[in-house]
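The values are calculated or read from the model by the stated rules, or taken from the named source; none is laboratory data. This is a predicted model, so every value here is computed, not measured. Heads up, the Cβs are rebuilt from the backbone with ideal geometry, glycines too, and the neighbour counts pull from every protein chain shown. Ligands, DNA and RNA are excluded from the accessible area calculation, which covers all protein heavy atoms including side chains. Shrake-Rupley method; radii C 1.70, N 1.55, O 1.52, S 1.80 Å.
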Amino acid sequence: MNAPATPHSIALGFNDKRIQEVLSILGLDATHHALAEQIRAEVIAGRAGEFADSCFATLARTQGFSLIEKDIGAGSFKQAWVHYLQCFGRNFDKVEYFEERLQMAAAFARAKIPLSVLHLPYCLTQELLIGSLSDKFNENSRTLWPLLDAVLKLISLDLYLTAEGYRLPELDELEEDLDKLRKETFRLRRRTSTDELTGVMSYAKLMESLEQQIDRAQRRGHDRSPLCLIMSDLDFFKKINDTYGHMMGDLVLRHVAGRIQSATRDFDLVGRFGGEEFVIIMTDTNLELAKVIAERIREGVMSAPFHVKRYNIPVTVSLGVAMLRQGERKESLLERADAAMYEAKRSGRNRVAIAPDS
């Protein structure tokens, strides 16, 4: 289901405050409501169609009229203009008034009809109303001048809103460009933060996250927020590559990454450290719990050999676990987890070793 379109007035920032600012600049105030009503009642009533015909007789002689016929429809536009005349100046200080005129202008702009083509009917309407008012109140200047002032100011408002409405397609195009840029930025960010082969965090994102989590743990205190790290390495991975080929080796890495993610918790951070090594960052986790999770990873990988076509490849991992010390930085923590992982390999592989002095 498509999301509802943003109102044109909102897109252009016409909130109540800005509407009042525009009206103040043009000199329109509460007194003009009564004047607009008088114009509708004493000049336009019963003559809206006549005025519209007169405007369109002139408009039809311009080059832009063919564009109206083609893209808007002359009949539809004429009907809209009759409605405009019948409602001339009504509720000019309301957002709905602004919205209606902006909507018409945006339709013309999207149809690539020049702004001058839409400005012309407003200017012709102004001439017709001024002429009709002058004929009707020629001998009563006290009545005439306020009415003429109202016509000039209300038409000025409409011309201003027409020009503003022509900006909307540009804003739409800009929004589309920005949306494309956002998607591309997200794609690039995801590409740089995700290891393309395995789908876990990339090395760069892993290091950034580890730095952030260490800062958090040091800030909160180790008793309150312990942090543990697991370094995991596939056993005999070179043999898998040599025996089955590097393409199969890549599939094994992806398989192991999936098994690690299945064995860890939702908030644990899993990343590829390089080659066949994976790192798991565990926040708010003490050493005993980290060891339990490491064993769960080891058993999860061992119990699910990689199977594809006729191959059934047994896979195991060796893991080293280290807990962050007071004042320790990521380089030292990684070194201790790595040393523990190599101790697990020296001890026979497919096992978990704990870094000393953790």
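Things to note:
- Close Cβ contacts (under 8 Å, 6 or more residues apart or on different chains) running from residues in region 258-271 that are assigned to a strand (DSSP E or B) to residues that are of a type in the set (Gly, Ala, Ser) and open to solvent by less than 50 Å² (accessible area, probe 1.4 Å) comprise 269/209; 270/257; 271/202; 271/209.
- The one condition from (1) part of a helix (DSSP H, G or I); (2) of a type in the set (D, E, K, R); (3) under 15 Å from residue 92 (Cβ atoms) that residue 29 does not meet is (1).
- Sub-9 Å Cβ pairs linking a first residue in region 328-340 that is in contact (Cβ under 8 Å) with a residue 60 or more places away in the chain to a second residue that is in a helix (DSSP H, G or I) and open to solvent by less than 20 Å² (accessible area, probe 1.4 Å), at least 6 apart or interchain, are 328/214; 329/214; 330/210; 330/214; 333/210; 333/214; 334/210, ordered by first then second residue.
- Some residue of region 311-318 being open to solvent by 60 Å² or more (accessible area, probe 1.4 Å) and either outside any loop (DSSP other than H, G, I, E, B) or aromatic (Phe, Trp, Tyr) (or both): yes
- Scanning region 193-214 for residues that are open to solvent by 60 Å² or more (accessible area, probe 1.4 Å) and either closer than 24 Å to residue 255 by Cβ or of a type in the set (Asp, Glu) (or both) yields a total of 5.
- Residue that is least open to solvent (accessible area, probe 1.4 Å) [pool: residues in region 240-294 that are farther than 18 Å from residue 309 by Cα and polar (S, T, N, Q)]: 285
- Residues that are open to solvent by 50 Å² or more (accessible area, probe 1.4 Å) and touching a Phe, Trp or Tyr at 6+ places or on another chain (Cβ under 9 Å), drawn from region 101-125: 114, 115
- Pairs, first under 13 Å from residue 124 (Cβ atoms) in region 47-75, second open to solvent by less than 60 Å² (accessible area, probe 1.4 Å) and β-branched (Val, Ile, Thr), C-beta under 6 Å, six or more apart: 52/82
- Filter result for residue 220 (open to solvent by 20 Å² or more (accessible area, probe 1.4 Å) and either in contact (Cβ under 8 Å) with a residue 12 or more places away in the chain or within 31 Å of the chain's Cα centre (by Cα) (or both)): no
- Among residues of region 223-239, those that are open to solvent by 30 Å² or more (accessible area, probe 1.4 Å) and farther than 22 Å from residue 339 by Cβ, counted: 3
- Considering 60, 11, the condition of being modelled with pLDDT under 95, surrounded by 12 or more Cβ atoms within 10 Å (Cβ to Cβ) and closer than 26 Å to residue 131 by Cα is satisfied by 60 alone.
- Residue check for residue 67: open to solvent by 50 Å² or more (accessible area, probe 1.4 Å), of a type in the set (A, V, I, L, M, F, W, C) and over 22 Å from residue 7 (Cβ atoms): yes
- Selection of region 99-124 for residues being within 27 Å of the chain's Cα centre (by Cα) and basic (Lys, Arg) yields only 110.
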